[in-house]
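First comes the structure, then the notes that go with it.
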Amino acid sequence: MQRILLDTDTGVDDALAIILALNSPELKVEAITSVSGNVHVDLCTRNLLMTLETMGIDEYPVCARGESQPLIKPLVTASHVHGLDGIGDATQLLRDDGSRLYPDPEPRLTAISAVDLIIDLVGQYPDELVLVPVGPLTNIAKAMIKHPARMRRVREIVLMGGAFETYGNVTTTAEFNIFADPHAAQLVLDFGVPVTMVPLDVTHQVMLTGKRLNAEIGERTDRLSQFLRDVTRATMGYHQDLEGFYGTYIHDALPIGLLTHPELFEIVEAFVQVETSSDLTQGMTIADLRPEKPRPKPNARVCVGVNAEAFLANFFDRIL
Ligand code: BDR
Ligand code: CA
């Protein structure tokens, strides 16, 4: 059993990652923290709590609200992908009587900030706690700045982010989580605790089509199945308009799958750097992944392959 802290800018695929993590017996989700990214942290926090409430779980992990602004650059969001509410505009859906299908959740948050919660939990589980950031790395970087000695006791960071041998999804060269806070990403890579990156190169191999989702849900009418349909609809429409397939990527679920089923993934070691300043390529992750190349000492493990079908089969087996 691995103890994890999930750090998320809860949008559509983040919600799927939360559901998968909480249904993974190999993991003990000690806490979930929010951060600005897909939308402002206030909405991300609401979406996180809404996801937990919809799951109907008895025991909540500790949840904390995180940072609202990246370390240096102004906040950029991805509401064009995740909806204005960050959760596929599901908060706009109404029942027949006019009430909201997904009302605002109970504000079940700890009083301390995400940064302080991260620092506290690493202190509680030194050399044991795995951090799983699936949004911009602002909270993690701020925790490292505030309490470096404590943060050196993080066991590993397994993050979703980066694009190496593929195009970015914000700019030609940059993936969203790294683009949104490139300075935080560079700081985390420089810090010296083990980092594993799950980049777009891998997450783009796992496509969740509307057809597959419908087939897997089948006749189910439970609240979570309805939620899965409702939150993915807008982003599937977005990909239909932009790329011609009715479906979506489930980026943030991949690091969870890597923790529970490492045998499905292919990984190489690399020295990864982040472009922080250029107007043209800010947020680009740079590494030479060729095995035969002499290169600087690796500072990260980078996922380069996944057994997509086996991952998806396990994903559905667990979330439904
Ligand atoms: C990442 O960016 C966000 O929009 C997604 O939630 C995911 O974490 C993919 O680039
Ligand atoms: Ca995310």
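The values are calculated or read from the model by the stated rules, or taken from the named source; none is laboratory data. The shown structure was predicted, so the numbers you read here are calculated from the model rather than taken from an experiment. FYI the Cβ positions are ideal-geometry reconstructions off the backbone, even for glycines, and counts take in every protein chain you see. Only protein heavy atoms, including side chains, enter the accessible area calculation; ligands, DNA and RNA are left aside. Shrake-Rupley method; radii C 1.70, N 1.55, O 1.52, S 1.80 Å.
How would you classify segment 131-285 from its alpha-carbon gyration tensor, with a ≥ b ≥ c the square roots of the eigenvalues: rounded for a/c under 1.5, else prolate if a/b is greater than b/c, otherwise oblate? Spell out each step's value before the answer.
On the way: a/c = 2.12, a/b = 1.58, b/c = 1.34.
Because a/c hits 1.5 or more and a/b exceeds b/c, segment 131-285 counts as prolate.
With the simple model of a label 7 Å out from the Cα in the direction of the Cβ, residue 243 to residue 108 spans 3.4 nm.
From largest accessible area down, sort 281, 235; use a 1.4 Å probe on the protein chains.
Details: 281 35, 235 5 Å².
Sorted descending by solvent-accessible area, the residues read 281, 235.
Can you sort 277, 99 by 1.4 Å-probe accessible area, starting with the largest? Don't skip to the answer; put the middle values down first.
Values: 277 90, 99 45 Å².
Result, largest first: 277, 99.
Count the DSSP beta bridges whose two residues both fall in segment 102-252, then state the antiparallel fraction as a percent rounded to the nearest 5.
Values: 3 of 9 bridges.
Within segment 102-252, antiparallel bridges account for around 35 percent of the total.
Going down the table (142/297; 28/142; 28/293), which pairs top 28 Å between alpha carbons?
Numbers: 142/297 25 Å; 28/142 24 Å; 28/293 38 Å.
Going by Cα-Cα distance, 28/293 fall outside the 28 Å limit.
Only Cα pairs under 8 Å and 6+ residues apart enter the sum, and on that basis the relative contact order of segment 76-217 stands at 19 percent. If only the Cβ of Lys and Arg carry +1 and only the Cβ of Asp and Glu carry -1, the dipole of segment 2-319 around its Cα centre is close to 540 debye. Treat each spin label as a single point 7 Å out from the Cα along the C-beta direction, and report the residue 97 to residue 207 distance in nm. For residue 97 paired with residue 207, the spin-label model returns 4.2 nm. Projecting the Cα atoms of 209, 282, 187 onto the charge dipole of segment 179-292 (Cβ charges, centred on the Cα centre) puts 209 farthest toward the positive pole.
For segment 62-173, the residue among 170, 98, 121 whose Cα projects farthest onto the positive side of the dipole built from Cβ charges is 121. Segment 187-230 and segment 61-136 have their alpha-carbon centroids 16 Å apart.
Heavy atoms of the protein chains alone define the surface here; on that basis the chain has 41 Å² accessible area per residue at 1.4 Å probe size. Rolling a 1.4 Å probe over the protein heavy atoms of segment 2-319, with every protein chain left in place, gives an accessible area that is 50 percent carbon and sulfur.
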